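The values are calculated or read from the model by the stated rules, or taken from the named source; none is laboratory data. As the structure is a prediction and not an experimental result, all values here were calculated from the model. All Cβ positions, glycine included, derive from the backbone under ideal geometry; neighbour counts span all protein chains shown.
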Amino acid sequence: MSITTTRPEPGVTVVTVDAPPVNALTVRGWFDLAEAVSGAGDDPACHVVVLRAEGRGFNAGVDIKEIQRDGGHTALIGANRGCAAAFSAVYDCAVPVIAAVHGFCLGGGVGLAGNADIVLASDDAAFGLPEVDRGALGAATHLARLVPQHLMRALYYTAETIDAQQLHQHGSVYRVLPRSELDGAALELARRIAAKDTRVIRAAKQAINGIDVQPVHRSYRYEQGFTFELNLAGVSDGARQEFLDGRGQ
């Protein structure tokens, strides 16, 4: 598994997730991603970040196998803290973050995309939260940033996905493109932002976050409290194992 950072052109930093087979991140992976995004924003030479992934899809959430291997709750606590750190890193990054989403964007992927400043997606991208089928809760905070409230509830309760074109109609996906054009479009958009005075753009990012009506940090951690409750009640372990036995990961 790797989280890599590249600088394809001046002012543009690309953070790439490559964790086969489905980009489901371990505890360490979530913290590594948080450090990469925060570090990019802290670099004065960086004017904009593109967050992308290799492989079959953008992100499949947490590594459930890692949690199941842990006889206690250390991995669960680590995953929840790591996800919170990565989502916060995207939201709090000192410069705009463009999420370039392809394939599946599930669970933690929605947390990343929902907290990004701009989302571009390939025409095969699908977004969803399978949490209720895994005995967990979380990222409704971020799904609510992509779709209206009642649609968010329907998607959350059913664990259904919504495609990129539908999100484009809601205004949360900026552009939908063929997968072969996604990276180029993300770089072109990043180039346009990078050409601006970074002092102004960095101030704009702070200002926009400051007027956000949703307290994303607090609301996500509130959701996670119910995940701990379900785990302590023994509900989550059975749901995760049923998923692994039936589908694998």
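All conditions but one from (1) modelled with pLDDT of 95 or more; (2) part of a helix (DSSP H, G or I); (3) among the charged types (D, E, K, R) apply to Arg52; the one that does not is (2). Once segment 171-198 is narrowed to residues that are part of a helix (DSSP H, G or I) and charged (D, E, K, R), the residue that is nearest to Cys46 (Cα to Cα) is Arg191. When restricted to residues that are over 26 Å from Lys196 (Cβ atoms) and in a loop (DSSP other than H, G, I, E, B), segment 12-49 contains 7. The numbered conditions (1) of a type in the set (Lys, Arg); (2) under 17 Å from the mean Cα position of the chain (by Cα); (3) surrounded by fewer than 19 Cβ atoms within 10 Å (Cβ to Cβ) are all true for Arg52 except (3). Residue pairs whose Cβ atoms lie under 6 Å apart, separated by 6 or more positions or on different chains, with the first residue in segment 77-96 and within 10 Å of Val37 (Cα to Cα) and in contact (Cβ under 8 Å) with a residue 60 or more places away in the chain and the second assigned to a loop (DSSP other than H, G, I, E, B) and of a type in the set (Ser, Thr, Tyr), do not occur. Within segment 16-42, the set of residues being more than 25 Å from Ile77 (Cβ to Cβ) and surrounded by 15 or more Cβ atoms within 10 Å (Cβ to Cβ) comprises Thr16, Ala40, Gly41.
Restricting attention to segment 208-233, the residues that are in a helix (DSSP H, G or I), more than 22 Å from the chain's Cα centre (by Cα) and hydrophobic (A, V, I, L, M, F, W, C) add up to 2. Reported count of residues in segment 234-249, each being in a helix (DSSP H, G or I), basic (Lys, Arg) and surrounded by fewer than 17 Cβ atoms within 10 Å (Cβ to Cβ), is 0. Go through the residues of segment 143-154 one by one and say whether even a single one is hydrophobic (A, V, I, L, M, F, W, C), closer than 25 Å to Val62 by Cβ and loosely packed, with under 14 Cβ neighbours inside 10 Å. Yes, segment 143-154 contains at least one residue that is hydrophobic (A, V, I, L, M, F, W, C), closer than 25 Å to Val62 by Cβ and loosely packed, with under 14 Cβ neighbours inside 10 Å.
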